[in-house]
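Encoded as structure tokens, the structure appears first; notes follow it.
The values are calculated or read from the model by the stated rules, or taken from the named source; none is laboratory data. As the structure is a prediction and not an experimental result, all values here were calculated from the model. Cβ placement follows ideal geometry from the backbone for every residue including glycine, while neighbour counts extend to all protein chains displayed.
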Amino acid sequence: GAAAEEAAAAAEEAATFDPIDHIVFAVGSGGTAAGLALGSHLAGLRPQLHGVAVHHSPEHFYDLIDAEVSELSGGSFEACAREMLAIYPGAGAGYGVATPELMAFCAETARQSGVLLDHTYSGKALYYFAQAARAQPERFRGKHILFWHTGGALALFAKTDELLSHLPPGQVRRLKLP
């Protein structure tokens, strides 16, 4: 799929950079996970893949990803998702449901980096991966970690007031069009 093609193109471009040790991404349907697993395999890359399941349990996705990789490869590659990637639970309060802590994390990430994270996919992925990294700092210290942002910015419109409550007054203004 598109994720596999992007991963292969990025690998080619990044050949002059230090290798990526870990790739972190949201798992919503399993398509990105399957594409990254297959793309990494085809490109000869061996990063550790870390998916954060934003709904359903991690177990739900392993068989789904195996089937998707097999289909994407035309049956030429027998995947074993359990060996290729780790999937962490990240649904939290539920699919599309944001806790105040998650919203504060998304607001702080935007403030520090300029990167907008939604509360359904990318925000949950980075939030829950950050918790895992804090629990095992020795596993990630000094490593090159790529965060694969899967979009979702349109979901932010539903949480505008909540996000604004985590930012200093007057720092953000709304554009009102006639």
Hits in segment 74-93 (condition: within 16 Å of T32 (Cβ to Cβ) and either free of Cβ contacts under 8 Å to residues at least 40 places away in the same chain or of a type in the set (V, I, T) (or both)): A86, I87
Residue tally, condition among the hydrophobic types (A, V, I, L, M, F, W, C) and in a helix (DSSP H, G or I), over segment 53-67: 4
Every pair of residues 6+ apart whose Cβ atoms lie under 6 Å, when the first sits in segment 115-129 and is under 11 Å from W148 (Cβ atoms) and part of a loop (DSSP other than H, G, I, E, B) while the second is at pLDDT 95 or above and not aromatic (F, W, Y): Y121/A26
Qualifying residue in segment 140-147 (condition: part of a strand (DSSP E or B), more than 28 Å from D18 (Cα to Cα) and modelled with pLDDT of 75 or more): no
Subset of segment 4-34 that is touching a residue at least 60 places away in the same chain (Cβ under 8 Å) and touching a Leu at 6+ places or on another chain (Cβ under 6 Å) - its residue that is surrounded by the fewest Cβ atoms within 10 Å (Cβ to Cβ): I20
Count - residues of segment 68-97 that are assigned to a strand (DSSP E or B) and touching a Leu at 6+ places or on another chain (Cβ under 6 Å): 1
Single residue of L154, L167, L177 found to be part of a helix (DSSP H, G or I), more than 23 Å from Q48 (Cα to Cα) and either at pLDDT below 85 or small (G, A, S) (or both): L154
Among the residues listed as A11, A7, A37, the single one being at pLDDT below 90 and either farther than 24 Å from A130 by Cβ or assigned to a loop (DSSP other than H, G, I, E, B) (or both): A11
Checklist (1) of a type in the set (D, E); (2) part of a helix (DSSP H, G or I); (3) more than 19 Å from the chain's Cα centre (by Cα) applied to D18, failing item: (2)
Considering residues of segment 57-82 that are of a type in the set (D, E) and within 18 Å of A4 (Cα to Cα) only, the residue surrounded by the most Cβ atoms within 10 Å (Cβ to Cβ): E68
Residues (farther than 11 Å from M84 by Cβ and not in a loop (DSSP other than H, G, I, E, B)) located in segment 24-34: V24, F25, A26, V27, G31, T32
Any chance A37 is within 22 Å of A2 (Cα to Cα), in contact (Cβ under 8 Å) with a residue 24 or more places away in the chain, surrounded by 24 or more Cβ atoms within 10 Å (Cβ to Cβ) and among the small types (G, A, S): yes
Among the candidates R134, R111, residue that is part of a helix (DSSP H, G or I) and out of contact with any His (no Cβ under 9 Å at 6 or more places or on another chain): R134
